[in-house]
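> Submitted below is the structure of interest, expressed as structure tokens.
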Amino acid sequence: MNETAKEPTQLAPILTLESKFFWDAATKEQFVCEKCSDCGQFRFPPRPMCPHCHSVKRDIVELSGKGKVLSWIKPVHPKPIGFDEPPTVGVIETDEGFRIVSNIIDIAYEDITFEMPVEVAFAPTVKNKKVPVFRPLSNENDSLSPVGGEG
Amino acid sequence: MSRQFKEAAIAGIGQTEFSKSSGRSEQQLAAECSLAACQDAGVDPKDIDGMITFTLDNTDDIHLARCLGVENLAYTTRIPGGGAAAVATIYQAMAMVNAGLCENVLIWRAMNERSQYRFGQPISMESAFAPGSGTGSLSWCMPFGAQTPASWESLNAQRYMQKYGVTNEDFGYVSVQQRKYASTNPNAWFYEKPITLEDHQNSKWIIEPVLRMFDCCQESDGGVALLITSLERARDLKQPPVHIVGACQSIPNEVEVISNYYHGGDLADMPEAYATAKRLWAQTGMKPADMDVAMLYDAFTPQIFKQLEAFGFVKPGEASDFVKDGQIDIDGQIPVNTNGGLIAEAYIHGMNSVTEMVRQVRGTAANQVADVQHALISSGMAGAVLARG
Ligand SMILES: [Zn+2]
């Protein structure tokens, strides 16, 4: 692909004390989430206390990387920073049950449908980071299986 | 002086001109509109004892008090949540007066939001993600190209469109209606500039397939202020008092203004507006049919549909037909945003909607609704019912 030589332009994530673990993992092509060490519930956006049992103990666990599309839009004007063409932005609900805003790639905007299954991929950004993005779930035999290695 | 419950009222309103370039500092706009509110009420600014604004306001409370010559301030606070704060300022002022802790509460919002900085442009503004703003989750949108309020709103509104089969053209009827109101309101930026549905459909896409240019509020310079006191005292002041019958705020679990994707419900819904409505109707013992006019926060046209449904003027999914049928026009079932709203009058972060509601209750609005007894004002996360005092 002649795209490989191109420098990334997408904005790097905004790191906070609470979100750094997520973005650091994404740069290593891992899609992770906070999970309560005591009651086992996932939580997103990240926070220092479990709202279910109020434990402050938490594990960072790798997820299936699979989810479904709830909504999708195309920001046209003003042009989003970091994109040559308007990206598709969507809200994804992960199989683990929480929602995240991301890009939907490798599919025409018009072909996306509600609850369409998707899987995680990783897009490079400036400052040598990566962010999780989503593409249509590939067939089982497809060699383009997601990073994170199930099966 | 012992503390006793006192009913609260809006005694004064003040504003600067609304423009795209004020030519002076936000602090000066704040001072000018605050003085105007005091003069409208007939209250000496030195007697202000409470001051309330938004966390996002750039002016300084103490510096404003110093401009006005406030003698002995008793209370200051700021409300998080961007424009959702608008009606929560009235709620806070009402509570302080009700509790007998303040006699003259000043509310203000001043912004050079066109000439100095622009809310509508992609942001990297760190302040939006800072603790205290109530909008921290916006940081999770930025790398993906969702960098404007229009894009954040659209991630919810697109789901609303899917769910109820609504199109951008349907949203256009809100825009046409509000421009019609503005066309006969001399305060409005779009005074004498009505549009047709065709004009709306010809305006450029901001966010496909949800928002065109004419679905979006303006970026404006200007300041708006209110003076809240007890109903009893307001009756002795210059203007007919506008009674705050009830006011409330509601922030349901996992709800966040504008980046509102993390609650468990359908993205098409606006859980904070449903919760505000429930709390407000319970507090006041009133219902949608009791309202004669409504101001609904309109950063973007889809928010009108969602609030009409949340407050119970129509059932979920029915707002589109209701609006298309002319029911939010001056002679409709519930006239909405009669000054042209944030889309067509000006965008002073929802506070110019409050002054319009006060004028409607006083009977002095440019587009006056006949015989206004009760008025609803909503900024999504907060609401209030006003009445003649
Ligand atoms: Zn737990």
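The values are calculated or read from the model by the stated rules, or taken from the named source; none is laboratory data. Since the model is a prediction, treat every value here as computed from it, not as a measurement. So basically every Cβ, Gly included, is an ideal-geometry build from the backbone, and we count neighbours across all protein chains shown. These accessible areas exclude ligands, DNA and RNA; they are computed on the full protein's heavy atoms, side chains included. Shrake-Rupley method; radii C 1.70, N 1.55, O 1.52, S 1.80 Å.
> Considering only region B:231-266, how many residues are surrounded by fewer than 22 Cβ atoms within 10 Å (Cβ to Cβ) and of a type in the set (Ser, Thr, Tyr)?
Number of matching residues: 2.
> How about region B:1-103: which strands (runs of 3 or more DSSP E) wholly inside it have at least 3 residues that are at negative phi and open to solvent by 10 Å² or more (accessible area, probe 1.4 Å)?
Per the criteria, B:75-79.
> Can you name the residue in region B:130-162 that is at the interface with another protein chain (Cβ under 9 Å from one of its Cβ atoms) and open to solvent by 30 Å² or more (accessible area, probe 1.4 Å) and, of all such residues, is nearest to A:Lys79 (Cα to Cα)?
Per the criteria, the residue is B:Gly136.
> So A:His54 clears everything in (1) within 16 Å of the ligand (Cβ to nearest atom); (2) at negative phi except one condition, right? Which one?
Unmet condition: (2).
> Filtering region B:280-300 down to residues that are assigned to a helix (DSSP H, G or I) and in contact (Cβ under 8 Å) with a residue 24 or more places away in the chain, which residue is nearest to B:Arg359 (Cα to Cα)?
In the first step, residues of region B:280-300 are kept if they are assigned to a helix (DSSP H, G or I); the result is B:280-284, B:288-290.
Now narrow it down to the ones that are in contact (Cβ under 8 Å) with a residue 24 or more places away in the chain: B:280-281, B:283-284, B:288, B:290.
Numbers: B:Leu280: 21, B:Trp281: 23, B:Gln283: 24, B:Thr284: 21, B:Pro288: 20, B:Asp290: 18 Å.
Only one residue fits best here, namely B:Asp290.
> Filter region A:14-51 down to the residues that are within 16 Å of the ligand (Cβ to nearest atom) and among the small types (Gly, Ala, Ser), then identify the one that is nearest to the other protein chains (Cβ to nearest Cβ).
Of everything passing the filter in region A:14-51, A:Gly40 is nearest to the other protein chains (Cβ to nearest Cβ).
> If you don't mind, there's one more thing I want to ask. Return yes or no: is A:Val118 touching a helix residue (DSSP H, G or I) at 6+ places or on another chain (Cβ under 6 Å), away from the ligand (no atom under 16 Å from the Cβ), open to solvent by less than 20 Å² (accessible area, probe 1.4 Å) and not hydroxyl-bearing (Ser, Thr, Tyr)?
Values: touching a helix residue (DSSP H, G or I) at 6+ places or on another chain (Cβ under 6 Å): no; away from the ligand (no atom under 16 Å from the Cβ): yes; open to solvent by less than 20 Å² (accessible area, probe 1.4 Å): yes; not hydroxyl-bearing (Ser, Thr, Tyr): yes.
The answer is no for A:Val118.
> Could I ask something else about it? Just one of (1) closer than 26 Å to B:Gly172 by Cα; (2) among the basic types (Lys, Arg); (3) in contact (Cβ under 8 Å) with a residue 12 or more places away in the chain trips up B:Lys315, so point out which.
For B:Lys315, the failing item is (3).
> For residues in region A:52-76 being more than 12 Å from chain B (Cβ to nearest Cβ) and assigned to a strand (DSSP E or B), which is nearest to B:Lys204 (Cα to Cα)?
Per the criteria, the residue is A:Lys68.
> How many residues, within region B:104-119, are open to solvent by less than 30 Å² (accessible area, probe 1.4 Å) and of a type outside the set (Asp, Glu)?
9
> If you take the residues in region B:163-179 that are of a type in the set (Gly, Ala, Ser) and away from chain A (no Cβ under 13 Å), which one is surrounded by the most Cβ atoms within 10 Å (Cβ to Cβ)?
B:Ser175
> While we're here: Please count how many residues of region B:223-266 are part of a loop (DSSP other than H, G, I, E, B) and in contact with a Cys (Cβ under 7 Å, 6 or more places away or on another chain). Outline the logic, then answer.
Restricting attention to region B:223-266, the residues satisfying the condition of being part of a loop (DSSP other than H, G, I, E, B) are B:235-241, B:250-266.
Next cut, in contact with a Cys (Cβ under 7 Å, 6 or more places away or on another chain) only: B:259.
Looking only at that region, the number is 1.
> Here's a follow-up. Which count do you get for residues in region B:289-312 that are touching a strand residue (DSSP E or B) at 6+ places or on another chain (Cβ under 8 Å) and either surrounded by fewer than 24 Cβ atoms within 10 Å (Cβ to Cβ) or among the hydroxyl-bearing types (Ser, Thr, Tyr) (or both)?
5
> Taking the stated definitions as given, is B:Ala182 more than 22 Å from the chain's Cα centre (by Cα), open to solvent by less than 60 Å² (accessible area, probe 1.4 Å) and either more than 30 Å from A:Lys20 (Cβ to Cβ) or at the interface with chain A (Cβ under 10 Å from one of its Cβ atoms) (or both)?
no
> On to the next question. Is at least one residue of region B:248-268 out of contact with any strand residue (DSSP E or B) (no Cβ under 9 Å at 6 or more places or on another chain) and among the hydroxyl-bearing types (Ser, Thr, Tyr)?
No; the residues of region B:248-268 include none that is out of contact with any strand residue (DSSP E or B) (no Cβ under 9 Å at 6 or more places or on another chain) and among the hydroxyl-bearing types (Ser, Thr, Tyr).
> Something else now. So B:Glu232 clears everything in (1) modelled with pLDDT of 95 or more; (2) under 30 Å from B:Glu26 (Cβ atoms); (3) out of contact with any strand residue (DSSP E or B) (no Cβ under 8 Å at 6 or more places or on another chain) except one condition, right? Which one?
B:Glu232 satisfies every listed condition except (2).
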